[in-house]
Amino acid sequence: MTFQVAKTFTRWSLVALAIVAAAGCNMVNPDRPTPQPDTIVFGNLLQVTPVKNAEGTVRVDLRVGAPRLLVNEQEKQGRPTPSLQGGTEGVVTAGPDTVVVLSGGRSLKDLPGGTEMVAIPIPGTTRMVGTKKVLVDAAYLMDFTTYRRWRLPKLEPGSETPPTDDPSRINSAGIEHAPVPLHGGTVLYFTARYRRPWKPGGAVYGARRAGLPDPAKGGGIVDRPFRTALKGTGWSEPKAVVFPKMDEKTSYEISWVDADETRCLVTVTPPKGVSWVAVSSRPKATAPWGKLQRMEALGKEDARDAVYLAGSHTMVVFSTARSGSQDLFLLSPKKSANPMPLDPRINTPGSEWCPRVGPKNELLFCRGDRQLLYVGGVVRPIRLPGAFRKVLTEANPTHDGSWVFFCRPSYTPVDQDQNIWVARWSPDGKLGEPVAVDQWRPDTGATGHPAGKNVPKR
């Protein structure tokens with residue numbers, strides 16, 4: 001199979017060759033780092049060493065060059081890769097804010113010399129020293145095996161055939177997100193959708209769940225909410241949450257459910273127009289959910305991800321783009337008839353989304369791909385254990401604050417495969433070791449009873 005390989009390395013090679021040529025014309029000071037256009041750096045691992053006086057930061061030395069697989073494909077197409085004469089050294093700085101993703105769950109210290117690596121720079125950090133050394137501060141650092149699965153799926157053997165997923169499980173090769181845990185985490189509402197194929201006309205990825213419209217039948221890829229409960233033998237098979245008059249081409253995502261499971265908030269996203277928030281209720285947990293009624297108080301503009309503050313059924317936090325960027329707003333009827341934007345420490349020119357609240361009204365929210373916590377007037381990151389940043393989003397704690405459910409990505413093409421994970425949580429933002437939700441088992445439920453007891457029957 002022949003194909004057009006990624007242009008990234010070729011573009012980088014041409015940039016590097018231009019730098020080399022400029023240096024030959026005395027345009028580059030050989031001793032001073034000179035800013036260069038940001039570009040992905042490919043190379044073979046030479047060594048990893050700690051950076052002095054910079055806790056948690058390492059220097060990763062690479063011998064810059066195209067991965068062998070890319071070189072071979074370029075040559076097959078009669079497009080040989082430009083050569084960097086004399087060899088070029090890559091010096092990559094990876095700090096606590098770098099996302100390090102390595103195949104097989106390995107760590108940097110476990111990698112053998114010669115491993116093919118890829119460094120994606122933090123914008124504005126690419127520099128050149130003379131003609132033989134390129135410096136970058138890494139936003140992402142990964143081995144080429146991980147990178148090609150993410151960005152070069154045509155080079156990944158067997159990537160055209162989606163895996164067969166078990167619909168009785170929660171996580172799949174599709175996208176499972178927006179966890180809403182109840183009863184100490186022994187009941188879970190979540191949202192699922194299929195993941196788009198990277199190859200035109202290919203099959204979608206994800207478990208074929210009853211209640212999730214099949215895009216092959218013309219319905220498109222949409223979100224649908226599901227419910228599952230943890231019992232003695234494990235999680236029950238997720239069942240679709242059904243509301244009256246659901247449209248096949250509209251997405252529905254539950255963002256909040258009360259402890260009695262008789263009231264919920266739902267984001268409704270039609271194929272055309274803006275998303276809006278609806279309320280549904282029912283007399284008891286075993287009854288069908290009632291009609292979706294729009295929360296008119298949130299206004300006619302777009303609204304999504306709504307949650308009530310702890311102990312309130314009138315004060316609502318939600319996300320919206322009505323101010324020009326995705327921000328968080330609060331509806332507090334006693335203070336104002338209209339929703340108001342939250343504190344500037346929370347809302348920034350970036351994208352703030354997925355607000356959730358803890359048992360003491362701690363505000364958890366996302367900014368881009370970063371999970372944050374606002375408490376005591378301070379915004380701080382929520383991090384998983386480890387020297388480097390691990391991406392997590394959509395964090396939602398249990399009502400007693402013991403556990404937090406959240407999403408973690410797998411680096412897959414087109415759409416990242418999102419799965420739900422669980423970890424111990426403390427209000428200072430520290431998390432315990434994460435466990436995939438299908439394998440997670442608490443010692444006891446929120447009330448001190450064995451997991452699975454005191455859960456409303458369905």
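The values are calculated or read from the model by the stated rules, or taken from the named source; none is laboratory data. Here the structure is a predicted model, which is why all the values come from computation and not from measurement. Glycine gets a Cβ as well: all are built from the backbone with ideal geometry, and neighbour counts include every protein chain shown.
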Which of the residues spanning region 213-232 are closer than 21 Å to K249 by Cβ and either of a type in the set (K, R) or in contact with a Phe, Trp or Tyr (Cβ under 7 Å, 6 or more places away or on another chain) (or both)? P215, K217, I221, D223, R224, P225, F226
Among strands (runs of 3 or more DSSP E) entirely within region 131-247, at least 3 residues that are more than 29 Å from P271 (Cβ to Cβ) occur in 133-143, 224-231
H399 versus (1) buried (at least 19 other Cβ atoms within 10 Å of the Cβ); (2) farther than 20 Å from P162 by Cβ: which is the lone unmet condition? (1)
Filter region 326-375 for residues that are farther than 17 Å from L298 by Cβ and among the acidic types (D, E); the one that is surrounded by the most Cβ atoms within 10 Å (Cβ to Cβ) is E362
Strands (runs of 3 or more DSSP E) (entirely within region 367-437) containing at least 1 residues that are within 24 Å of A259 (Cα to Cα) and either more than 16 Å from the chain's Cα centre (by Cα) or outside the structural domain of L309 (by TED's automatic domain parsing) (or both): 370-375, 393-397, 403-410, 417-424
Of the residues that make up region 291-307, is at least one more than 27 Å from G350 (Cβ to Cβ) and assigned to a loop (DSSP other than H, G, I, E, B)? yes
Let me confirm something: among G87, G114, G56, which residue is out of contact with any helix residue (DSSP H, G or I) (no Cβ under 6 Å at 6 or more places or on another chain), modelled with pLDDT under 85, outside any helix (DSSP H, G or I) and on the phi > 0 side of the Ramachandran plot? G87
Subset of region 258-284, residues surrounded by 14 or more Cβ atoms within 10 Å (Cβ to Cβ) and hydrophobic (A, V, I, L, M, F, W, C), comes to C264, L265, V266, V268, V274, W276, V277, A278, V279
Is there a residue in region 122-141 that is buried (at least 23 other Cβ atoms within 10 Å of the Cβ) and within 20 Å of V414 (Cα to Cα)? yes
Report yes if T146 is closer than 30 Å to N72 by Cβ, touching a residue at least 60 places away in the same chain (Cβ under 8 Å) and hydroxyl-bearing (S, T, Y), otherwise no. yes
